[in-house]
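Below is one structure, written out as C-alpha cells, with a few remarks after it.
The values are calculated or read from the model by the stated rules, or taken from the named source; none is laboratory data. These numbers were taken from a predicted model, which means no experiment stands behind them. Quick reminder, even Gly has a Cβ in these numbers, built from the backbone with ideal geometry, and neighbours come from all protein chains shown. Each accessible area value is taken on the protein alone, full model and side chains, heavy atoms only, with ligands, DNA and RNA left out. Shrake-Rupley method; radii C 1.70, N 1.55, O 1.52, S 1.80 Å.
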Amino acid sequence: MTPLTTHPQLSFAQLGVRDEIVRALAEEGKEYAFAIQEQTLPMALAGDDLIGQARTGMGKTLAFGVPLLHRITTDTERPLSGIPRALVVVPTRELCLQVHGDLVAASKYLQADETRKLTVTAIYGGRPYEPQIEALQKGVDVVVGTPGRLLDLAQQGHLQLGGLSVLVLDEADEMLDLGFLPDIERILKQIPEKRQAMLFSATMPDPIITLARTFMNQPTHIRAEGVQGAATHDTTEQFVYRAHALDKVEMVSRILQAQGRGATMIFTRTKRTAQKVADELGERGFKVGAVHGDLGQIAREKALKAFRTGDVDVLVATDVAARGIDIDDITHVINYQIPEDEQAYVHRIGRTGRAGKTGIAITLVDWDELERWSMIDKALKLDCPDPAETYSNSPHLYEELSIPTEAGGTIGGPRKSAQTAKKQDGTRISSTDANRERPSRNRSRRRTRGGQGASGHVEASDATAPASDDTATAADGGDDSPARKRRRRRRPRNAAEAPATAS
C-alpha cells in the first residue's frame, strides 16, 4: 500500500497529460493536481491497475478520468471506432451525471479521429431508453452509467462491451450498500480480460476487496486518508446539538442566516421528512429544492441543476439521493436527522470542506437518537457523546455559528406569503398557488412525536417525523370531502323527514 505524502502540487502538464486535456482543465480552473491525482496519474497513464481510496471531495473523478481520456486517445494500435473503449460504472444517477459532465469538460478538445470529436455518453435509469440507444448506435467512445441500465442495454445487444480497454468502478462501497454487486459481476463477465481496471472507493469493506482481487491484475492500492477516526475533513468544523423534533425547523431557519453561509445541504433519513422540511423552509422564504426517491428523475435533475447554478442555495436530500452530488462550493451541511452509521456521517459531511476549502457541519440529535449518535461519536472519536441541549433561541447557537442576533424563523416577509415555495418538481409557485395547494396552517392538526397521525397509523419509514399535512387534510375534510358534504346537507324540519337509522 502506498501512503500519500504532503509535497508541493504538480501541474497536469508536468505529470505528462496530453495538451488538449491540460488546456480543457485549465479553462475549468484546474491546473494543479490534488494529492490522489498526483499519485494516481503516473501509474494510471502507464496502464497499471490500481485501487484509489479517498474520502469524498478529494478529486477522484479526475484521478481516473484524466488517464482514461489520455490512454484511449493515444493508443495508436486501437484507434477509436465508435464502439465503447472505456466504461465508468457508478452507483447513482446523480453521480452518473456528475462524472459525465466532468469527462465532457475534460475532453472538450479531444478528437476521436479526423472527422469527429470524442464522445462521452451517460446511461442511467429513470429516463427513456430510445435516446440512449440512439446515442450508442451513432457511436460512443466513453460510457458512464449505472449498473442496472448498463446491464439491461448490454443484454439487449445495444451496448457492446467487447471493445473496452479501460474499466472504472467509482464509489464501489456505495454500490455494495445499494446491492449492485451481482450486476457488477455480470458486467465483468462481458468485458475483455486484457484491459486496465481502476477501482475507487471511500472505504474498503471485505466484499469490495474480494471483488478487486477477482477482476484486477496486481493493483496498486493508493490511500488518501488516514485511519477511520481521521476520515472527516480537517477543514470542516463540526457542531453537534441536542434538539427537540418540533424545534428543528426553527433552528435550521436561523442557521441558514449565519454569516458567510453559502450553498447548503440538509440531510434527512426519509423521503417524507425531506419533502416536509423543504416545503416548510420554502414557506419561510428560503430558496430551497429537494432530492429524494419519491421525485421523478426529471424533477431530481431539475433540482440539482438549480442548486449547481445557484437558483436555489439550500438542497434537502436523503442519503441515497445525495450520493454522487459532487459540488465544491458547499459551505454548510446540516444533519436534520442523524445518519444510520459512521460511514454515512462521513459521506454526508464530506460534502463541505472540499478541495481545500473550509466548511461547517451541524448535526441535530433528537432525544430518541442519542444512543445511535453515541455509537457514531465513539466510532469516529469525535469526543461529543452528550451534545448540549439547544433550542432555536439558545444564545450559544447564535454565537457558535455566527448567526445575527436579529435572525428569526422567516426571511423576506411573513411566512404566509410562501413566495419561494416549491412544487415537487422544484419549480417556484406563487403565493396564491401555494395557499391553494397546501392546507391552511390555521387548521387544527393532531400530531405526535412518534409520527402518529389522526388515524392512529404510524409509518415505519419515518417513525420520528411529525405527521404530514396530508393527515390534516384527511382529518379536516377538503372542499369535496364526505365531511364537508355532510355539513352542507339540509337538516330535516321534523321527525317525519328524518331518515331511519339502524338500531
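If a residue has to be without any contact (Cβ under 8 Å) to a residue 40 or more places away in the chain and either in contact with a strand residue (DSSP E or B) (Cβ under 7 Å, 6 or more places away or on another chain) or under 14 Å from L95 (Cα atoms) (or both) to count, how many in the range 297-319 make the cut?
To start, the set of residues in the range 297-319 that are without any contact (Cβ under 8 Å) to a residue 40 or more places away in the chain comprises 305, 308-309, 311.
From the residues that got through so far, the ones that are either in contact with a strand residue (DSSP E or B) (Cβ under 7 Å, 6 or more places away or on another chain) or under 14 Å from L95 (Cα atoms) (or both) too are 305, 308.
Total meeting the criteria: 2.
Count, please, the residues in the range 55-80 that happen to be in contact with an Asp or Glu (Cβ under 6 Å, 6 or more places away or on another chain), closer than 26 Å to R213 by Cβ and outside any helix (DSSP H, G or I).
Number satisfying all stated conditions: 1.
Which residue pairs have Cβ atoms under 9 Å apart, sit 6 or more places apart or on different chains, and have a first residue in the range 275-296 that is closer than 22 Å to G125 by Cα and in contact (Cβ under 8 Å) with a residue 60 or more places away in the chain and a second that is of a type in the set (F, W, Y) and outside any loop (DSSP other than H, G, I, E, B)?
Listed pairs, sorted by first residue: G289/F307; V291/F307.
Looking for something open to solvent by 20 Å² or more (accessible area, probe 1.4 Å), touching a helix residue (DSSP H, G or I) at 6+ places or on another chain (Cβ under 9 Å) and within 26 Å of K108 (Cα to Cα) - is there at least one such residue anywhere in the range 184-192?
The first filter runs over the range 184-192 and keeps only residues open to solvent by 20 Å² or more (accessible area, probe 1.4 Å), leaving 185-186, 188-190, 192.
Filter once more, keeping what is touching a helix residue (DSSP H, G or I) at 6+ places or on another chain (Cβ under 9 Å): 185-186, 188, 190.
Going one step further and asking which of them are within 26 Å of K108 (Cα to Cα), we end up with none.
No, the range 184-192 contains no residue that is open to solvent by 20 Å² or more (accessible area, probe 1.4 Å), touching a helix residue (DSSP H, G or I) at 6+ places or on another chain (Cβ under 9 Å) and within 26 Å of K108 (Cα to Cα).
What is the number of the single condition among (1) in a helix (DSSP H, G or I); (2) under 20 Å from the mean Cα position of the chain (by Cα); (3) at pLDDT 95 or above that E94 does not meet?
(3)
Condition first: more than 18 Å from A154 (Cα to Cα) and either surrounded by fewer than 21 Cβ atoms within 10 Å (Cβ to Cβ) or basic (K, R) (or both). Now tell me which residues in the range 113-130 satisfy that. Before you say what the answer is, go through the steps one by one.
Within the range 113-130, the first condition is being more than 18 Å from A154 (Cα to Cα), and the residues that meet it are 113-119.
Once the filter is applied, which keeps residues that are more than 18 Å from A154 (Cα to Cα) and either surrounded by fewer than 21 Cβ atoms within 10 Å (Cβ to Cβ) or basic (K, R) (or both), the range 113-130 yields D113, E114, T115, R116, K117, T119.
What number of residues within the range 18-48 are farther than 23 Å from H221 by Cβ and either over 29 Å from the mean Cα position of the chain (by Cα) or open to solvent by 30 Å² or more (accessible area, probe 1.4 Å) (or both)?
12
Would you be able to say whether some residue in the range 320-334 is of a type in the set (S, T, Y) and either free of Cβ contacts under 8 Å to residues at least 24 places away in the same chain or open to solvent by less than 10 Å² (accessible area, probe 1.4 Å) (or both)?
no
Any residue in the range 343-364 that is within 21 Å of L397 (Cβ to Cβ) and open to solvent by 10 Å² or more (accessible area, probe 1.4 Å) sitting within a Cβ distance under 8 Å of a residue that is at pLDDT below 80 and β-branched (V, I, T)? List the pairs, counting only those 6 or more apart or interchain.
Once the first residue is within 21 Å of L397 (Cβ to Cβ) and open to solvent by 10 Å² or more (accessible area, probe 1.4 Å) and sits in the range 343-364, its partners that are at pLDDT below 80 and β-branched (V, I, T) give T358/T235.
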